[in-house]
Amino acid sequence: MNSSELARRAGVTVRALRHYHQVGVLDEPPRTSNGYRQYDVHHLIRVLRIRRLAALGVALDEMPRFLDEASPEAPELLDRLDAELAAQIERLTAQRALIAKLRNLPTAPDLPPELAAYMSTLAGHLSPELEQMDRDQTVLLAHLVGEEGMPHLVGFYEQLSDPVLVPQIIEITAEFHELGEETNERAFDSFIERFVATFAQVVGSLRADAPELDLTDAVGLFDEYSESMLNPTQVRALTIVSERLDAGQTA
């Protein structure tokens, strides 16, 4: 039988047969005078055995010792495969639980689920540009703090979701969106004062609650992101705010 016939009978593709030859689990058959491979029933049985092992999860590079001889390692192999499947089932179960949780949240699934509920607080109240920035920075910050820092970050977002604070955040964010080269210094300074007054306590609580978090790398990344998304006046405002908040925590 030729390669197409063998593939059809074995339930594989011709490409799979070529791969089996390349990795050494299926010997090359003799060729006919016109150069075509000529397989026999023994090759078919070999491919069926390969399929059976592959269905169990055996890697191709592990197959020769089970295909070519009665290996005493079979029980250990099955134990390992069973353990790997159990771990996979556990991961999939956890993934399904997470998906079920995300279905009940009002935000997109690309956000950290621990923060999604709090992110929805400002949804619809910011400009599309600032909403996107808020999401991007949240994703980045969640990655940088890691699992260890996530509880502290959740606490920070809980404070930002305070019903008393939310209207102030919306107002300040709207003012921030309007900052530009036409903003005079008096309005600029006034904005800085309101921003610091609004966020100083929340930022202070985060730093007091999680003094061990090392966010050194985050500073440069957030600066790079801000400079790519904001106008020079907005970038200057964030720089001054950051300096003021840092000074307030060290004073």
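Side notes on the structure shown:
- Selected residue (only one of Gly11, Gly24, Gly57 is exposed (fewer than 11 other Cβ atoms within 10 Å of the Cβ), in contact with a Leu (Cβ under 9 Å, 6 or more places away or on another chain) and either of a type in the set (Gly, Ala, Ser) or within 30 Å of Tyr118 (Cβ to Cβ) (or both)): Gly11
- Any hit, segment 36-46, residues being over 25 Å from Asp82 (Cβ atoms) and under 42 Å from the mean Cα position of the chain (by Cα): yes
- Total residues in segment 1-18 satisfying the condition of being part of a helix (DSSP H, G or I) and touching a residue at least 24 places away in the same chain (Cβ under 8 Å): the figure is 6.
- The residue list Gln168, Gln88 contains one member that is surrounded by fewer than 16 Cβ atoms within 10 Å (Cβ to Cβ) and touching a Ser or Thr at 6+ places or on another chain (Cβ under 7 Å), which is Gln168.
- Some residue of segment 155-162 being in contact with a Pro (Cβ under 7 Å, 6 or more places away or on another chain) and in contact (Cβ under 8 Å) with a residue 24 or more places away in the chain: no
- When residues of segment 39-73 are limited to those that are part of a loop (DSSP other than H, G, I, E, B) and of a type in the set (A, V, I, L, M), the one farthest from Arg8 (Cα to Cα): Ala70
- Residue that is of a type in the set (S, T, N, Q), farther than 22 Å from Met119 by Cα and modelled with pLDDT of 85 or more, where the choices are Thr216, Thr239: Thr239
- Qualifying residue in segment 82-94 (condition: under 20 Å from the mean Cα position of the chain (by Cα) and under 30 Å from Gln159 (Cβ atoms)): yes
The values are calculated or read from the model by the stated rules, or taken from the named source; none is laboratory data. The shown structure was predicted, so the numbers you read here are calculated from the model rather than taken from an experiment. Note that we place each Cβ from the backbone using ideal geometry, even for glycine, and neighbour counts take in every protein chain shown.
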